Amino acid sequence: MTRLLLIGPPGAGKGTQAVRLAESYGIPAISTGDIFRSNVKNETELGAKAKAFMDAGDNVPDSLTNALIRDRLAESDCESGFLLDGYPRTTDQVRDLDEFLASHGTALDVVIELVADPDVVVERLRKRADDQGRSDDDESVVRHRLDVYASQTAPLVDVYDGRGVLVKIDALGEIDDVTVRITEALAGRGIALPDHSAR
Ligand code: AMP
């Protein structure tokens, strides 16, 4: 079982690294942002509830997010572990996740913080806005998302550090180099790549 969390500001490269790590460690990457986006796209009830918050760059209410993640973690592909990307994002979500994992006799093994300078992430998100056209990558919304991260999510880093499960990774530089840094940090925590995996 490998239970991981990637945490970091918008634009730090969480989604990119999550996909790569999930593949090499053979665990599902679970992104609440992706789940919300696909619900908005498919015009589901959940999507209708989440859309206004997402477009404004605000967090979707914890009640919706916690319920969604509990359902997702109960799916069978999570039996060998999982990599959370973008959840938990608030102290209330940490409490709910702790409670859910504890009720299954587990906890997060390692929390990977992707550390990136705000000016760099704003520039990266500007590029992503051109490439992908995400409605929340507009510059004023990006600034707001960074503020929301600083006020609501950044404090979680200290919580996990206090539990001794945090590793800090420099998120700047080439994508491959960041993946190697993460893989090495995980190896240092006793989480090795499965034999069949190619980095
Ligand atoms: P992301 O793809 O992680 O940048 O998330 C995009 C948007 O989805 C965020 O700005 C929020 O509106 C919403 N969202 C994603 N994850 C969460 C979460 N854990 N709690 C609340 N809102 C979330």
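Limited to the range 42-63, what total is found for residues that are surrounded by fewer than 17 Cβ atoms within 10 Å (Cβ to Cβ) and within 13 Å of the ligand (Cβ to nearest atom)?
9
Filtering the range 5-39 down to residues that are farther than 21 Å from ARG124 by Cβ and either in contact with a His (Cβ under 9 Å, 6 or more places away or on another chain) or of a type in the set (Val, Ile, Thr) (or both), which residue is nearest to the ligand (Cβ to nearest atom)?
Checked the range 5-39; the qualifying residue nearest to the ligand (Cβ to nearest atom) is ILE35.
Residue check, TYR87 against (1) in a strand (DSSP E or B); (2) touching a Gly at 6+ places or on another chain (Cβ under 9 Å), all met but one. Which one?
(1)
Can you pull out the helices (runs of 4 or more DSSP H) entirely within the range 1-80 that have at least 2 residues that are under 17 Å from the mean Cα position of the chain (by Cα)?
Output list reads 14-25, 32-41, 62-73.
State all residues of the range 117-142 that are in contact with a helix residue (DSSP H, G or I) (Cβ under 8 Å, 6 or more places away or on another chain) and farther than 23 Å from ASP62 by Cβ; if no residue qualifies, say none. Lay out the reasoning, then the answer.
Here is the first cut: in the range 117-142, the ones in contact with a helix residue (DSSP H, G or I) (Cβ under 8 Å, 6 or more places away or on another chain) are 118, 121-122, 125-126, 128-129, 134-139, 141-142.
Scanning the range 117-142 gives PRO118, VAL121, VAL122, LEU125, ARG126, ARG128, ALA129, ASP137, ASP138, GLU139.
Could you please give the count of residues in the range 68-108 that are touching a residue at least 40 places away in the same chain (Cβ under 8 Å), within 14 Å of the ligand (Cβ to nearest atom) and not hydrophobic (A, V, I, L, M, F, W, C)?
Counting residues in the range 68-108 that are touching a residue at least 40 places away in the same chain (Cβ under 8 Å), within 14 Å of the ligand (Cβ to nearest atom) and not hydrophobic (A, V, I, L, M, F, W, C) gives 8.
Rule-based calculations on the coordinates, nothing more; no lab input. All of these numbers come straight from a predicted model, not from anything done at the bench. Note that we place each Cβ from the backbone using ideal geometry, even for glycine, and neighbour counts take in every protein chain shown.
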